[in-house]
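First up is the structure itself, then whatever we jot down about it.
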Amino acid sequence: MCIRDRYQRRVRGTIPRTMEAAPGEEPAKLSATSKNDSRKGRSNTHTIQPIALKGHTRSITFLQYNHDSDLLFTCAKDSTPTVFYAANGERIGTFNGHTGANTKLNVSADSSLLITGSADMFAKLWNVNNGQCVKSWRHSTPVRAVGINLGNDQILTANDPVMRQEPTIYIWDVDDGTEETDEPPQPVATLTGHESKINQAIWGPLNETIFSCSDDGSVRVWNPEARRQFAKIDAHEQKINSMAFSKDLSILITSSADQTAKMWDTETQKLLRTFESDAPVNAAAISPSRNHIILGGGQEAANVTMSDARMGKFEIKWFHKVFGDELGSVRGHFGPINTLDFSYDGYSFASGAEDGYVRIHNMPSTYVQTVDLSLIHISEPTRLLSISYAVFCLKKKKKK
């Protein structure tokens, strides 16, 4: 891993509060959406200063904030997972060792370990502090998904069903004693049931479950101890490109090629709300601080030639989590958006796209510090009560 000496220093308090836009581009805007899509002159338009990161040479496949929200981990089809400072976009280093395109990554809850999956048929576990590869797991086909459980003692991987292989989730022990015997690691459990390629697999709350999604349009819930499937959700009509938990793991959101994203209760697997888009949805993320959801996608990458960004619909759309209203959009990418993630404090979000760019969007003070009452319809008594309480709090704050 290429690491600079200043990797160990902390940057809290040293980063200027005002960030400049990426060279050669205008600041992005969180623009209100109306029926006529008239964005000019709207009072609830927030200016966002994006930080455009060109740390990869090929399309971005996945990105994730750590739990402290100070590091951003990214991977792409160029085989070099990378870590950045989330505050200013400074590249800390790369994890060198893969020889194929990276598909997924996952950072542990304590930010000490990173697991990556690649088309070179390896899943690798890395020490985040020094960038060294701790362990490797070889598969017979490319690795499509990876995950570290709570406690860092087990990992999961999912294979690519090629060469007559069945879509399978593997569970491995991190400390299995194979380092001393030089024997190849063996999975402690295998989970089968999906009919098509598995695109994402995630550990559920308290390691009691594993959630997976597939090209077959289903979400399946597994019991890793019993080594069996105990729930199946026929979630979408077409393939599910990705899924993600809310930061408290209480809600799951799935993104599909059928131009919808759906929000599910993690415990009951009940459908809570459907968000409709006008293009295939590749990724979605749930804000931990506001009742907002962001969706990203666009025209299929294989069909992108000379399309204008507006025609390709390469924009991040914002929705209200409770009411389902579309609130606005953020433009900037010029390729389909493949991955999205909110920071754990909710003050920034990151996006990665087919154009090879990672964009960090630090939310402006107008978004963080204000209550936008125009997003709440006052026609219903329950919402009117919420507005009355919000106005009361604002007046009380002004008097102080």
Can you find a residue that is among the polar types (S, T, N, Q), out of contact with any Asp or Glu (no Cβ under 9 Å at 6 or more places or on another chain) and more than 21 Å from Asn102 (Cβ to Cβ) anywhere in segment 169-180?
yes
Of the numbered conditions (1) within 20 Å of the chain's Cα centre (by Cα); (2) part of a strand (DSSP E or B); (3) crowded, with 19+ Cβ neighbours inside 10 Å, Lys247 satisfies every one except a single condition; which is it?
(2)
Before we move on, is Arg138 closer than 25 Å to Phe73 by Cβ, surrounded by fewer than 18 Cβ atoms within 10 Å (Cβ to Cβ) and touching a residue at least 12 places away in the same chain (Cβ under 8 Å)?
yes
I'd like to check something: does segment 146-164 contain any residue that is touching a helix residue (DSSP H, G or I) at 6+ places or on another chain (Cβ under 6 Å), assigned to a loop (DSSP other than H, G, I, E, B) and closer than 19 Å to Leu105 by Cβ?
yes
Quick one: which strands (runs of 3 or more DSSP E) sit completely within segment 290-364 and have at least 2 residues that are touching a Gly at 6+ places or on another chain (Cβ under 7 Å) and either modelled with pLDDT under 90 or open to solvent by 10 Å² or more (accessible area, probe 1.4 Å) (or both)?
337-342
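Going by the conditions given, is Leu272 more than 21 Å from Val330 (Cα to Cα), touching a helix residue (DSSP H, G or I) at 6+ places or on another chain (Cβ under 8 Å) and open to solvent by 10 Å² or more (accessible area, probe 1.4 Å)? Explain how you work it out, then say what you get.
On the way: more than 21 Å from Val330 (Cα to Cα): yes; touching a helix residue (DSSP H, G or I) at 6+ places or on another chain (Cβ under 8 Å): no; open to solvent by 10 Å² or more (accessible area, probe 1.4 Å): yes.
Against the criterion (more than 21 Å from Val330 (Cα to Cα), touching a helix residue (DSSP H, G or I) at 6+ places or on another chain (Cβ under 8 Å) and open to solvent by 10 Å² or more (accessible area, probe 1.4 Å)), Leu272 does not qualify.
Hand me the list of strands (runs of 3 or more DSSP E) wholly inside segment 72-124 holding 1 or more residues that are over 23 Å from Val174 (Cα atoms) and open to solvent by 10 Å² or more (accessible area, probe 1.4 Å).
Numbers: elements: 82-85, 91-94, 102-107, 113-118.
Correct list: 82-85, 91-94.
With His194, His236 as the choices, which residue is within 23 Å of Phe275 (Cβ to Cβ), open to solvent by less than 40 Å² (accessible area, probe 1.4 Å) and assigned to a loop (DSSP other than H, G, I, E, B)?
Among His194, His236, only His236 is within 23 Å of Phe275 (Cβ to Cβ), open to solvent by less than 40 Å² (accessible area, probe 1.4 Å) and assigned to a loop (DSSP other than H, G, I, E, B).
The values are calculated or read from the model by the stated rules, or taken from the named source; none is laboratory data. Since the model is a prediction, treat every value here as computed from it, not as a measurement. All Cβ positions, glycine included, derive from the backbone under ideal geometry; neighbour counts span all protein chains shown. Remember, those area values only see protein heavy atoms, side chains included, never the ligands or the DNA or RNA. Shrake-Rupley method; radii C 1.70, N 1.55, O 1.52, S 1.80 Å.
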